[in-house]
Amino acid sequence: MNRLILLSIIMLMPLCLAQDINVEKLLAYNKWSSQYQRVYLNEHEKLFRQMIFFEKLQKMKEHNSNPNNTYSIHLNQFSDMTKEEFTQKILMKQDLVGHLTKGASQEATHNDVNSEAQLNSKSPTLAASIDWRTKGAVTSVKNQGNCGSCWSFSAAGLMESFNFIKNKALVDFSEQQLLDCVIAANGYNIHGCDGGWPAYCVDYASKVGITTLKNYPYVGVQNKCNVTGTNNGFKPKQWNQVPNTSNDLKMALNFSPVSVLVDANNWDGYQSGIFNGCDQSLIILNHAVLAVGYDKQDNWIVKNSWGPYWGENGYMRLAPNNTCGILKYNIQITA
């Protein structure tokens, strides 16, 4: 055992006894903190974070030992955050989301009469399951960091997948361009790291174009817009809001991935399985993700933006129907 770790355990033994914390928990904490490279301001904050971690460790053990649960939870980058910190730093601000969705109806649908035929101009026969990852149409999982910029990742992913379907080229687009440029000064009611609306991003890209991630890397804070002109890359021409039924979302997914809003209040610890942990009586849409398919049991497959170590390699399988509000607000590019 590393001598430094052993020494820290010995020094914290009195606290452990007082808080009913055993050596096993401390070892788990030290392994986790080393993996996620945690450095705190002082010893007081470290102890505070440890208490949060131990509480989540206990919750994880209790949850995963219950055979009735359809999903498992684990320790990850959020394991020393309070619930309040998670919602404030990672999710979109709740009061903004309601305001955005009410004011964005005209951007949720756009039809260009001069564009080529719509992607979904013909009604499909619904596949029993579909997963756009297996078709090579989905880029790698990204990490938004401590910024509520999920809306830019959902929108960028939507455009990446449509670009592949249309042009047979899988290219990573710039979330940072959307974060920096889809702003009030350009006519969009979006609030940077506090929250945004993917439809605004698609509208912006249709006018200006979206460049590549390589050309405009992600830094996780909102900076001054660093693009000029109106020919900066891929331009969507047509997009629609998908009607809010399971059948309509499945039909849309037979043509391409779909940008969706969800209630992610309880997503922080998800590891694997079929997630059904939202309070369906109080859905609060505060996170944007990319739906990339559904399985034979009608579970939705969604790509998140919390890195590949969260969930199932960055993905979640969400229980059928309107679990976590997935059917409420969503858009699909059609041309």
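Figures for the structure shown
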item	result
Helices (runs of 4 or more DSSP H) lying entirely in region 1-54 (those with 2 or more residues that are charged (D, E, K, R) and at pLDDT 65 or above)	23-35
Region 74-113 - residue that is among the small types (Gly, Ala, Ser) and not in a loop (DSSP other than H, G, I, E, B) and, of those, modelled with the lowest pLDDT	Gly103
Any hit, region 285-301, residues being surrounded by fewer than 18 Cβ atoms within 10 Å (Cβ to Cβ), touching a strand residue (DSSP E or B) at 6+ places or on another chain (Cβ under 7 Å) and in the same structural domain as Gln144 (by the TED database)	yes
Any hit, region 258-265, residues being in a loop (DSSP other than H, G, I, E, B), closer than 27 Å to Glu84 by Cβ and not aliphatic (A, V, I, L, M)	yes
Every residue from region 238-270 that is surrounded by fewer than 18 Cβ atoms within 10 Å (Cβ to Cβ) and more than 21 Å from Asp131 (Cα to Cα)	Asn266
From the options Lys237, Lys296, residue that is out of contact with any His (no Cβ under 6 Å at 6 or more places or on another chain) and within 30 Å of Ala185 (Cβ to Cβ)	Lys237
The listed residue being under 15 Å from the mean Cα position of the chain (by Cα), modelled with pLDDT of 95 or more and of a type in the set (D, E, K, R), out of Lys296, Lys303, Lys328	Lys303
Some residue of region 303-320 being buried (at least 19 other Cβ atoms within 10 Å of the Cβ), touching a Leu at 6+ places or on another chain (Cβ under 6 Å) and in the same structural domain as Gly136 (by the TED database)	yes
Hey, Ile190 among the aliphatic types (A, V, I, L, M), under 19 Å from Gln144 (Cβ atoms) and at pLDDT below 95 or not	yes
Residue, surrounded by the fewest Cβ atoms within 10 Å (Cβ to Cβ), within region 154-188, restricted to residues that are part of a helix (DSSP H, G or I) and of a type in the set (Ser, Thr, Tyr)	Ser161
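Residues checked against (1) closer than 24 Å to Leu27 by Cα; (2) polar (S, T, N, Q); (3) touching a Pro at 6+ places or on another chain (Cβ under 8 Å); (4) without any contact (Cβ under 8 Å) to a residue 24 or more places away in the chain:
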{"residue": "Gln58", "(1), (2), (3), (4)": "yes, yes, no, yes"}
{"residue": "Gln77", "(1), (2), (3), (4)": "yes, yes, no, no"}
{"residue": "Glu85", "(1), (2), (3), (4)": "no, no, no, yes"}
{"residue": "Met92", "(1), (2), (3), (4)": "no, no, no, no"}
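The values are calculated or read from the model by the stated rules, or taken from the named source; none is laboratory data. Nothing here was measured: the structure is a model prediction, and the numbers come from that model. Here Cβ is always computed from backbone atoms with ideal geometry, including for glycine, and neighbour counts include all displayed protein chains.
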